[in-house]
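Some notes on the structure that comes next.
The values are calculated or read from the model by the stated rules, or taken from the named source; none is laboratory data. This one's a predicted model, so the numbers in the text were calculated from it and none came from an experiment. Cβ placement follows ideal geometry from the backbone for every residue including glycine, while neighbour counts extend to all protein chains displayed. Please note that ligands, DNA and RNA were not included when accessible areas were found on the heavy atoms of the full protein model with its side chains. Shrake-Rupley method; radii C 1.70, N 1.55, O 1.52, S 1.80 Å.
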Amino acid sequence: MLALEKAISAILRRPFILLLFGVVTLIVTAINRFNPIVPILRGLDSITEGSFIESIVSYLQVILDPSIVPVFAGFVVAFCIVISLLAGLFFSGCFNIINNELANKQKKKGEYVTGLKKYFGRIFLITLRSLIVAFLLVVFMLVASVPAIVITNASITGRSELIIPAVFVDVLTVLVILFGFMFFRAYVFFWYPAALNSEKKYFAQSRRFVDRHFWSIAASILIFDLAFVLFEYLCTYISQSLLYFFVNWIFYTVFFTLLVTYIFSAYKVYGSKSK
């Protein structure tokens, strides 16, 4: 609670942080409104003319096709580089402002530019590595879930004797995926404050921090996840497109401003308790 209170106090004292995130989320929300990826995936889903489970297997076959892998890998790397450059330009200055405010440093002119000059390289490299590993992790998790998908599909289509094994395998697979992504996100989230508060071995410090406080961190991330999922569910009841756009923009601005500020706040609060 202390970390959350400090995060909210920091945002209220420095509303410029909210403004920065507001500009970024406005751009992302506008782009997402015309995002062609979801319609393309839906089109592929209709082409397969199968169930959701069969569609996942079809996507995996496409992604892992030897003739497509180089093209897909090139696209992923290019995408990661572009996003990492943008992250470096925005987050290096923004993180510096948040970090200084939480450290009770005197407000100075040019904090954003100072952070951009000092931390751009660190933020760029951290984001690039995290995105590449995230893509690999998603592909790995999808491949690892194939046995569960196959046995679940078989139990649904008439093999009733496989229901109990399917439930066991499904639960095990879901737990592995949940904890895998939870550890990954925790390490990545706290990699950034570690990079701004130390001069070397940022990931090692992030890993040690997360290992010491994993359950507290996991509980906090889970609360943010549930809030996000609940919001997305409620948004399905908004039929007016313009209202949907603005509601999403406002929520994303507040949500991600609070999430990022909380991560930096938790790093300082939990870190000080460990000393």
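Only Lys, Arg, Asp and Glu count, each charged at its Cβ (+1, +1, -1, -1), so figure out the dipole size of the chain about its Cα centre, rounded to 20 debye.
1840
Scan the chain and hand back the longest stretch that contains none of the chymotrypsin sites (Phe, Trp or Tyr not before Pro) lying in DSSP loops with at most 16 other Cβ atoms within 10 Å.
By the stated rule (loop sites, at most 16 other Cβ atoms within 10 Å), 35-236.
Excluding Leu20 itself, calculate the net charge of residues whose Cβ lies under 14 Å from the Cβ of Leu20, where each Lys or Arg counts +1 and each Asp or Glu counts -1.
Summing Lys and Arg as +1 and Asp and Glu as -1 gives -1.
P(r) tail for the chain, what percent of Cα pairs lie past 28 Å?
46
Place a +1 charge on the Cβ of each Lys and Arg in region 187-243 and a -1 charge on the Cβ of each Asp and Glu, then give the dipole magnitude about the Cα centre in debye, rounded to the nearest 20.
So the dipole magnitude of region 187-243 works out to roughly 360 debye.
What list of ³J(HN,Hα) values in whole Hz, one per residue of region 121-134 in order, does the Karplus curve 6.51 cos²θ - 1.76 cosθ + 1.60 (θ = phi - 60°) give from phi, with Gly and Pro shown as x?
x, 5, 5, 4, 5, 4, 5, 4, 5, 5, 5, 5, 5, 4
Once you keep just the Cα pairs under 8 angstrom separated by 6 or more residues, what percentage relative contact order results for region 177-251?
Here the relative contact order equals 22 percent.
Putting +1 on Lys and Arg Cβ atoms and -1 on Asp and Glu Cβ atoms, find which of Gly110, Ala78, Leu136 reaches farthest to the positive end of the dipole of region 58-145.
Value: Gly110.
Once phi is turned into ³J(HN,Hα) by the Karplus curve 6.51 cos²θ - 1.76 cosθ + 1.60 with θ = phi - 60°, what whole-Hz value does each residue of region 174-185 show in order, with x for glycine and proline?
Using θ = phi - 60°, the values come out as 4, 5, 4, 5, 4, 5, x, 6, 5, 4, 4, 5 Hz.
Once you've got the GNM for the chain with C-alpha springs shorter than 10 Å, pick whichever of Val24, Val167, Val254 has the biggest mean-square fluctuation.
Taking springs between Cα atoms under 10 Å, the residue moving most is Val167.
Provide the per-residue ³J(HN,Hα) series for region 7-16, in order, calculated from phi with Karplus coefficients 6.51, -1.76, 1.60 and θ = phi - 60°, each as a whole number of Hz, with x at glycine and proline positions.
Each residue of region 7-16 in turn: 5, 5, 4, 5, 5, 5, 6, 10, x, 4 Hz.
Given springs between every Cα pair under 10 Å in a Gaussian network model of the chain, which of Ile221, Ile98, Ile156 has the largest fluctuation?
Comparing Ile221, Ile98, Ile156 in the GNM, the peak value goes to Ile156.
Can you compute the radius of gyration and Dmax for region 137-275, using only the Cα atoms, both in Å?
Here Rg and the maximum Cα pair distance are 19.6, 59 Å.
Could you provide, to the nearest whole Å², the per residue accessible area of the chain with probe 1.4 Å?
Ligands and nucleic acids excluded, the figure is 60 Å² per residue.
Can you send over the solvent-accessible area of Lys105, 1.4 Å probe, protein chains only, in Å² to the nearest 10?
120
Projecting each Cα onto the charge dipole of region 142-275 (Lys/Arg +1, Asp/Glu -1 at the beta carbon, about the Cα centre), which of Leu259, Ala204, Phe214 comes out farthest on the positive side?
Of Leu259, Ala204, Phe214, it is Ala204.
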